[in-house]
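A.B. asks: Have a look at the structure that comes next, please.
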Amino acid sequence: MIIMAFIAAAVSAGTPLLFGTVGEILSEKVGHLNLGVEGMMSIGAFAGFAVGYATGNLAAAMIAAFLAGLLSALIYAVLTVSFMANQNVIGLTLTIFGVGLSNFLGVYMIGQTESNTWQLPAGLISQMQNVQIPVLTDIPVLGPLLFHYDPFTYVGIAIALICGWYLFRTKAGLNTQAIGENPAAADAASIQVTKWKYINILLGGGICGIGGAYCSMVINGGVWISNCVGGLGWIAVALVIFAAWKPQIAILGSFVFGALRILKYYMPAVIPIAFFDMLPFVITAVVLLAASIRGAKGSHIPENLGNNYFREER
């Protein structure tokens, strides 16, 4: 059925957005608006692809992408948490740096191959195929919809659920949210503000890195293509608002925007493809506009989002 195929394709297309959105939520929950999601995803895209190419192991590629995203987030954390630099400027700089570095290293690696094509080994590509879960996959209708996706998708959903549990069901997560709302009050309550800022920003960067690896390894069919993230990092930043800063809702939001990305393949040819290419970004702009008009009323935005914490002013 075409509807089932569309839903399955939407889930796959929304997977990288899920990683980017959840990673950004962790950062924003401690009051840091990190606009470097695109850059962190790009760095993770290269690292995951490079390690996958060298080892032929999917788990190693995911770990490498996570560590690359974490290290790129460390740059942001040091500059904004320790040196209290402007968060917006550093985030934008990280995006420019990450995309540029990823493209440069990718082109260099292509130049080292005889075929001028940097491609993952067939064994690794087979590891990224949709997982067949015995019995569950064979369930009529529900089987293909719920139990027939690639490993990245299941990892992304698991991470979102774990992060939701962490933020709203654990003491550490509640302390994290307190920092995002009022770091001075959290500090006065003996919560280690700097420590938890670093932890959440680094974890968020690592999760974004895995999303980048999905773009380079799965979406591009195992062949390296420059600018493989393609603006998904910016959509992820807006999806945080759509998800009301809740990782569980980010699962739904990412799949909705994933549907917008692949809608062009299921609509009549009379409508220009360019319209569907711009549609996710138009909806992103609408979400941001609606959020700015609504302001803080009725939203779940962290009160201290975007503001550095100067302990001496407490």
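The values are calculated or read from the model by the stated rules, or taken from the named source; none is laboratory data. Quick caveat, the model's predicted, so the values are computed rather than measured. We place every Cβ from the backbone using ideal geometry, glycine too, and count neighbours over all the protein chains shown. Each accessible area value is taken on the protein alone, full model and side chains, heavy atoms only, with ligands, DNA and RNA left out. Shrake-Rupley method; radii C 1.70, N 1.55, O 1.52, S 1.80 Å.
A.B. asks: Put +1 on the Cβ of each Lys and Arg and -1 on the Cβ of each Asp and Glu in the range 145-260; which of Tyr166, Ala244, Gly258 then has its Cα farthest toward the positive end of the dipole?
C.D. replies: Highest projection toward the positive end goes to Tyr166.
A.B. asks: I'd like the distance separating the alpha-carbon centroids of the range 131-209 and the range 79-115, in whole Å.
C.D. replies: One Cα centre to the other: 25 Å.
A.B. asks: Starting from 0 in steps of 5 Å, tell me what percent of the Cα-Cα pairs of the range 1-60 lands in each bin.
C.D. replies: With a bin width of 5 Å, the distribution comes to 4, 15, 16, 17, 17, 15, 11, 5, 1.
A.B. asks: Could you state the principal axis extents of the C-alpha atoms in the range 64-137, from the largest down, to the nearest angstrom?
C.D. replies: Taking the Cα atoms of the range 64-137, the three principal extents are 51, 42, 16 Å.
A.B. asks: So for the range 145-298, what are the equivalent ellipsoid semi-axes in whole Å, largest first, each being the square root of 5 times an eigenvalue of the Cα gyration tensor? Walk me through the numbers before you get to the answer.
C.D. replies: Working: eigenvalues 211, 79, 40 Å².
So the three semi-axes of the range 145-298 are 32, 20, 14 Å.
A.B. asks: Moving on to the next point. If you roll a 1.4 Å probe over the range 38-94 with all protein chains in place, what percent of the accessible area is carbon or sulfur?
C.D. replies: The value for the range 38-94 is 76 percent carbon and sulfur by accessible area.
A.B. asks: Which helices, taking whole DSSP H runs in the chain, have alpha carbons extending 18 angstrom or more along the helix axis plus mean Kyte-Doolittle at least 0.0?
C.D. replies: In the chain, the long hydrophobic H runs are 2-28, 37-55, 58-77, 87-111, 151-169, 193-214, 247-262, 273-294.
A.B. asks: Across 5 Å bins from the origin, how do the percents of Cα pairs in the range 20-169 run, short distances first?
C.D. replies: Taking every Cα pair in the range 20-169, the percentages come to 2, 9, 14, 17, 16, 15, 12, 8, 5, 2, 0, 0.
A.B. asks: How big is the charge dipole of the chain about its Cα centre, in debye rounded to the nearest 20, if each Lys and Arg gets +1 on its Cβ and each Asp and Glu gets -1 on its Cβ?
C.D. replies: On the way: 12 positive and 12 negative charges, 100 e Å.
The calculation lands at about 480 debye.
A.B. asks: Could you work out which residue, out of Ile43, Ile25, Ile271, moves most in a Gaussian network model of the chain, that is, has the largest mean-square fluctuation with Cα springs under 10 Å?
C.D. replies: Ile271
A.B. asks: What accessible area per residue, rounded to a whole number of Å², is obtained for the chain using a probe radius of 1.4 Å?
C.D. replies: 45
A.B. asks: Still on this structure: Using a 7 Å offset from the Cα along the Cα-to-Cβ direction at both Val135 and Asn227, what is the distance between the two label points in nm, to one decimal?
C.D. replies: Each label point is offset 7 Å from its Cα along the Cβ direction, giving 4.9 nm.
A.B. asks: Quick check: residue separation of Ala188 and Val89 times 0.36 nm, minus the Cα distance between them. What number comes out in nm?
C.D. replies: 32.7 nm
A.B. asks: A follow-up question, please. At 7 Å along the Cα-to-beta-carbon direction for both Ala274 and Leu142, put a label point, then send me their distance in nm to one decimal.
C.D. replies: Those two pseudo-labels are separated by 4.6 nm.
A.B. asks: Something else now. If the elastic network links every pair of Cα atoms under 10 Å, which of Ile63, Ile75, Ile139 fluctuates the most in the Gaussian network model of the chain?
C.D. replies: Taking springs between Cα atoms under 10 Å, the residue moving most is Ile139.
A.B. asks: Would you mind telling me which residue in Ala186, Ala47, Ala65 has the biggest mean-square fluctuation in a Gaussian network model of the chain, where springs connect alpha carbons within a distance under 10 angstrom?
C.D. replies: Looking only at Ala186, Ala47, Ala65, the biggest GNM fluctuation is shown by Ala186.
A.B. asks: Still on this structure, I have one more. Roughly what would the spin-label model give for Met267 and His300, points 7 Å off Cα along C-beta, in nm?
C.D. replies: Roughly 3.0 nm, to one decimal.
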